[in-house]
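The values are calculated or read from the model by the stated rules, or taken from the named source; none is laboratory data. The shown structure was predicted, so the numbers you read here are calculated from the model rather than taken from an experiment. Ideal geometry is used to build each Cβ from the backbone, glycine not excepted, and the neighbour counts take in all protein chains shown.
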Amino acid sequence: MIMKMVLYFAAFLAFGIGVFHSLLGEKFILMRLFRRVDIPHLFGSADFTIRTL
């Protein structure tokens, strides 16, 4: 019984950390990167690079 609760807590914690990691990464890293004018060109265009990220 206790082990099952610990596993559910671990799964919930892993899910929560994943969500926060995604949101904070988009807010603090990707938004700054998208504002740059000298973004690398992959396969010919900066637009492709932004869509890929």
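Would you point out the residue of the range 14-36, among those that are assigned to a helix (DSSP H, G or I), among the charged types (D, E, K, R) and under 21 Å from residue 47 (Cβ atoms), that is farthest from the chain's Cα centre (by Cα)?
As a first pass, look at the range 14-36 and keep what is assigned to a helix (DSSP H, G or I): 14-35.
Those still in the list that are among the charged types (D, E, K, R) too: 26-27, 32, 35.
Cutting the leftovers down to under 21 Å from residue 47 (Cβ atoms) gives us 26, 32, 35.
Details: 26: 6, 32: 14, 35: 17 Å.
Out of the qualifying residues, it is 35.
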What's the number of the only condition in (1) at pLDDT 95 or above; (2) not in a helix (DSSP H, G or I); (3) not acidic (Asp, Glu) that residue 11 fails to meet?
(2)
Do we have any residue at all in the range 25-46 that's out of contact with any helix residue (DSSP H, G or I) (no Cβ under 9 Å at 6 or more places or on another chain), surrounded by fewer than 10 Cβ atoms within 10 Å (Cβ to Cβ) and on the phi > 0 side of the Ramachandran plot?
yes
Exactly one of (1) assigned to a helix (DSSP H, G or I); (2) out of contact with any Phe, Trp or Tyr (no Cβ under 9 Å at 6 or more places or on another chain) is unmet by residue 49. Its number?
(2)
